[in-house]
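These notes are about the structure you will find just below.
The values are calculated or read from the model by the stated rules, or taken from the named source; none is laboratory data. Please read all numbers here as calculations on a predicted model, not as lab measurements. All Cβ positions, glycine included, derive from the backbone under ideal geometry; neighbour counts span all protein chains shown. Areas reflect the complete protein model, heavy atoms only, side chains present, ligands, DNA and RNA absent. Shrake-Rupley method; radii C 1.70, N 1.55, O 1.52, S 1.80 Å.
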Amino acid sequence: MLTQNPQPPSALMAEFKERQSDVLDCLLSLEFDPLCSEDCSCGPGKQRMYRCRDCLVSEPCCKDCMKASHAHAPFHHIEMWSGSCFTRCSLYSLDYELCLGHNGRRCPKAAPPLSPALVVVHTNGVHRIRVCYCECNPRPVNPIQLLRASLYPATWTLPATAFSFHVLKHYHLDSLQSRKPAYDYWAILRRLTDNTRVTPVPDRYEELLRVSREWRVLMLLKRSGQFLGISEFLPGKSKSVAVFCPACPRPGINLPDGWEELVTDKNRHEYTIFLGVDGNYHAVLKDKRHDADDVPLLEGRGYFANSKDFDDYMSLHSADDPNEHKSDCANLQSMKSFTQRKGLRVAGIAAVTDARHSMFLTGSVLDLEVGEKFRILDYALAKSLGPDPTQALHRVLTCDKGCQYVVRLLARFSDSFPSLVPVIERLKVLVPKLHLQGHKEDCRYRYSLNYTPGCGRTDGEGVERPWAHSNDTAKITRDQNPGHRKDTFDDCNGDWNYRKLIDMATSIVAKLKSCYKDLAVAQSNFDALSGAVKTEHREVWETLSCEPVVENGHVRSVYRADRVKLPSYRELVDALSQSDGQTAANMLDATMDKMYCLTNFISAGLDLEERQISLKAFIDGLPDELNRIQQHDLFTRRYLLREDLTAFRTLQQIHMPRLGLAQTTDDFDGDDDEDFGKPEDEPLDLPSSFGPEEERVKHGFVESGQREYTLRTGLAGNCLARMRVAIHAYCAAATFKHANVTGQKQGTRASAKLETQTKEIHRWRDAYRRHHSALVLLGLTAEDALKYRPLLDQDLKNLHQHTAVRPPRLGEAREPAAWFWGGDRDPDDATVTRLEALSNEELRTRWFRLRANRDRYQEEVDILHAELNRTVATFKRSQEIWQQLAEQQIAPPDPGPRDRSTRTWLGRRAYAVKQASICAQRVHDAQLSVARAAEMKDEAATSRKRTSDRRRKQPGDWVYKWSYY
């Protein structure tokens, strides 16, 4: 029974301190036994001098009784009473023999002299055992006799060392779970044998390496069923020992007959295979003396591709396109690392995995000598598709540099794998969600999983998740021979897949539970916004295509708002940088980098100004007493700002030489001055800092002042545009709160959302005021003064006026709109018309994004239900296959001299039956998960109906969780 209120550790340790004397007394009392030196129970004259340390209850006994009681326990440690204490002893010293072939009795035909000692490695240490082999005729050879006694011989001719099956199983599981190197495991066995190092222990480390490798391969062949002939029942008669994903669609395994006719445009996402390709630069192999002839024992049958086939492929495509990896988008290190790393023979691995369940695919793991060349990724992708992939299944591939990888993908496959071209033509290449943040803005709409129908809530980062597991494996493989390394990786990858398989059904149900909640929120968010959209707008929007379109090098998408007519700040910087590029070149040299131009210098100063303000706001939010994390965060922010200020000062000496020498980072030692001189308070000395124009003329800052003026106008316009968008968001939230939100709890949450929008408005208000003040100092022209007026507090009152979110209220038409609603037009222009166009654009983008969010959640629910059903189907099919295998394990009527024995056939049959029973249990457990998923589906349908009825009868009770993007 579980303790309802467990005691804290302090209370438990206090109790232990009270008991530790009693415990030590008991431990020390075990060092003596009162029966020692008495006559043994077998008869008088035989003293009790020996006891076993490994038997749970063992009273001292004589030599003969000790040998008889351990006839079937040869690996126990025994002790001998010396008259004053117990000393280490062994069954070997008692002339103990392990007899094989006669149920523990000595073979009558064995030679009378004692047989030579055999070194046996067991879980409790290293032992010397005399083994008496069966000498009957016919008889198995000695290694086979050892195997039948659960002892694995280290060699196959005259074995002098053997490993118990127990120690091999223990080390195998220990290495899979903890990635413990064989050397550390051997050190433990050596210390278990004799931790005092008084008695020498035979060194069997090399034998452990070799035998454990053989054991891994044997277990893969056994558990996969390949040794029993399971390939006859697998699609394509696959010889692979890999563990396949039970949830992904696999024809012939978990898809019904005629499934192709069930696929439609509406349910295609339920029949989609999601793949992910990536490289790992931690799974290295050191460049040291290796056995050149060492090859994997499972060449091409595990997760690593066939070495010879891959080498032949790379020899044909060694000449890589030099422009293939030049990316103008993602700044990924893997796009640049194409030089051999010193001291390494293999720089890492590349793999294609199941992107949704993070399971390795057979034959799709490859070695990388340098970077992630696309030809290598192509080979991994081709192997993951299989020799004859069905075209009826839709496939999505995620790649961290997918925008570059897809450019010549079809051409490369046409050259290398022409039979797979029809599949590649239908392959959708996207970028994982986290990596997409490092791409340029166009890619975020063109290669987004969020905006691609049929992807559900797949994040595409599934290929990254096994790398931590592989990094641990690399710690024990980086010094191994190449073939040994691949065998170890195949085994560890198979264990990773197996653990995923046994938890598949429960993990899908957990995802479903969370997904149904998120779907309800996404649906309510979309319904709320859709209800505020005019019918004619919604009808037009529903006819628009959601596919991104490239026009003049720019990606247009319904999920992307059109640019405001004002040129953006970055466009101003680029245009001015081109115009003064020659000036910068004359100032320094003809090859001067673009960063030294005057415009970029002023732009850098304006960026620093914004960062100073941001850092001040951060400091204002800190408590008086800082903890270590806060101190480190503040230290880092100030240090980075100081670094950029130093670089800025260097450029300032070029463009504003009359300012004199500036401080550098070296002047502020982090050990002596932890604040780095408080860079957030340091004046930047931009041209606007020198007041009237006469001062700038005096210092020679006329041209730089003009550049700052131009950039400030762009920034001011940008601040006004963003403030208008923030006001729209505030108005929409306020309108919905007033119409629908009731109750204290819901009202508090809605008010918190309004407070967030208010802070956003104030952020852009303060930024605009800062730029406006600088423009006044720089000489604001009369024409610009009409566009960029002082922003007063009364201008931000009644923010809901003149918006397209709701109909105007009584009396609002008489009050003029605030001046900033005019945008880049004169105040006399049609302000309301322009504002409504801007509002519709923002509303359209938000509507499409919320609809996509709802659709992806609905697709995710459908995919999860389909995956759960396929998981049950996979387990059922596995049960049927193992049952069929069991029926085939029948001994031939007239076995030959080298045929398997009847016992072997019965053992093969028993193993297949055991595996079938395990699959049957998995089917039962998965069916319970299906039933739970069906209950959640019914609960979700009931909840949607209840919400719909409440909205229809009592709109005010409909609680909305506001979300814009």
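In the stretch 473-489, what residues are open to solvent by 10 Å² or more (accessible area, probe 1.4 Å) and aliphatic (A, V, I, L, M)?
Within the stretch 473-489, just 476 meets the criteria.
Criterion first (closer than 20 Å to residue 246 by Cα and hydroxyl-bearing (Ser, Thr, Tyr)) does residue 364 satisfy it?
It is true that residue 364 is closer than 20 Å to residue 246 by Cα and hydroxyl-bearing (Ser, Thr, Tyr).
Restricting attention to the stretch 226-243, does a residue exist that is open to solvent by less than 40 Å² (accessible area, probe 1.4 Å), closer than 30 Å to residue 193 by Cα and not in a loop (DSSP other than H, G, I, E, B)?
Among the residues of the stretch 226-243, not one is open to solvent by less than 40 Å² (accessible area, probe 1.4 Å), closer than 30 Å to residue 193 by Cα and not in a loop (DSSP other than H, G, I, E, B), which makes the answer no.
Yes or no: the stretch 490-501 includes at least one residue that is open to solvent by 20 Å² or more (accessible area, probe 1.4 Å), free of Cβ contacts under 8 Å to residues at least 12 places away in the same chain and within 22 Å of residue 369 (Cα to Cα).
Within the stretch 490-501, not a single residue is open to solvent by 20 Å² or more (accessible area, probe 1.4 Å), free of Cβ contacts under 8 Å to residues at least 12 places away in the same chain and within 22 Å of residue 369 (Cα to Cα).
For residues that are open to solvent by less than 20 Å² (accessible area, probe 1.4 Å) and outside any helix (DSSP H, G or I), scanning just the stretch 256-274, find the one that is farthest from residue 299 (Cα to Cα).
That would be 272.
Taking residue 500, is it in a helix (DSSP H, G or I), among the basic types (Lys, Arg) and under 30 Å from residue 282 (Cα atoms)?
Yes.
Kindly list the number of the only condition in (1) of a type in the set (Lys, Arg); (2) open to solvent by 40 Å² or more (accessible area, probe 1.4 Å); (3) out of contact with any helix residue (DSSP H, G or I) (no Cβ under 6 Å at 6 or more places or on another chain) that fails for residue 63.
For residue 63, the failing item is (3).
Restricting attention to the stretch 107-129, which residues are modelled with pLDDT under 90 and either buried (at least 16 other Cβ atoms within 10 Å of the Cβ) or closer than 30 Å to residue 188 by Cβ (or both)?
Result: 107, 110, 115, 116, 117.
If you scan the stretch 714-752, which residues turn out to be of a type in the set (S, T, N, Q), farther than 28 Å from residue 767 by Cβ and open to solvent by 50 Å² or more (accessible area, probe 1.4 Å)?
Across the stretch 714-752, the qualifying residues are 742, 744, 746, 748.
If you take the residues of the stretch 158-183 that are polar (S, T, N, Q) and touching a helix residue (DSSP H, G or I) at 6+ places or on another chain (Cβ under 8 Å), which of them is surrounded by the fewest Cβ atoms within 10 Å (Cβ to Cβ)?
161
Every residue, every condition in (1) surrounded by fewer than 13 Cβ atoms within 10 Å (Cβ to Cβ); (2) at pLDDT 85 or above; (3) in contact with a Gly (Cβ under 8 Å, 6 or more places away or on another chain), yes or no:
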{"position": "609", "(1), (2), (3)": "no, yes, no"}
{"position": "625", "(1), (2), (3)": "yes, no, no"}
{"position": "641", "(1), (2), (3)": "no, yes, no"}
{"position": "658", "(1), (2), (3)": "yes, no, yes"}
{"position": "666", "(1), (2), (3)": "yes, no, no"}
{"position": "671", "(1), (2), (3)": "yes, no, no"}
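How many residues are open to solvent by 30 Å² or more (accessible area, probe 1.4 Å) and either under 30 Å from residue 243 (Cβ atoms) or without any contact (Cβ under 8 Å) to a residue 24 or more places away in the chain (or both) if we restrict to the stretch 858-872?
Counting residues in the stretch 858-872 that are open to solvent by 30 Å² or more (accessible area, probe 1.4 Å) and either under 30 Å from residue 243 (Cβ atoms) or without any contact (Cβ under 8 Å) to a residue 24 or more places away in the chain (or both) gives 3.
Against the definition (over 22 Å from residue 119 (Cα atoms), assigned to a helix (DSSP H, G or I), at pLDDT 95 or above and within 33 Å of the chain's Cα centre (by Cα)), how does residue 173 come out, yes or no?
So residue 173 fits the description; yes.
Could you list all residues from the stretch 275-312 that are in a loop (DSSP other than H, G, I, E, B), touching a Lys or Arg at 6+ places or on another chain (Cβ under 7 Å) and over 29 Å from residue 393 (Cα atoms)?
Correct list: 284, 287, 296.
If I filter the stretch 389-441 down to residues being small (Gly, Ala, Ser) and part of a helix (DSSP H, G or I), which single residue comes out as farthest from residue 269 (Cα to Cα)?
It comes out as 416.
Restricting attention to the stretch 184-209, which residues are under 35 Å from the mean Cα position of the chain (by Cα) and open to solvent by 60 Å² or more (accessible area, probe 1.4 Å)?
184, 188
Being open to solvent by 50 Å² or more (accessible area, probe 1.4 Å), at pLDDT 75 or above and more than 41 Å from the chain's Cα centre (by Cα) narrows it down to one of 631, 653, 582, so name that one.
Checking each option against the conditions leaves just 653.
Which number in (1) touching a Lys or Arg at 6+ places or on another chain (Cβ under 7 Å); (2) crowded, with 21+ Cβ neighbours inside 10 Å marks the one condition that residue 504 misses?
(1)
Can you tell which of 21, 37, 58 is hydroxyl-bearing (Ser, Thr, Tyr) and within 30 Å of residue 120 (Cα to Cα)?
58
Do you know which residues across the stretch 751-794 are outside any helix (DSSP H, G or I) and more than 20 Å from residue 687 (Cα to Cα)?
789, 790, 791, 792
Could you say which residue among 439, 484 is closer than 30 Å to residue 293 by Cα and touching a helix residue (DSSP H, G or I) at 6+ places or on another chain (Cβ under 8 Å)?
Result of the check over 439, 484: 484.
May I ask you to list pairs of residues, at least six apart or on different chains, whose Cβ atoms are under 9 Å apart, with the first in the stretch 709-733 being farther than 14 Å from residue 778 by Cα and aromatic (Phe, Trp, Tyr) and the second being open to solvent by 20 Å² or more (accessible area, probe 1.4 Å) and assigned to a helix (DSSP H, G or I)?
Partner pairs satisfying both residue conditions: 730/754; 730/757; 730/758; 730/760.
Within the bounds of the stretch 80-95, is there any residue that is touching a Gly at 6+ places or on another chain (Cβ under 6 Å), under 23 Å from residue 167 (Cβ atoms) and open to solvent by 30 Å² or more (accessible area, probe 1.4 Å)?
no
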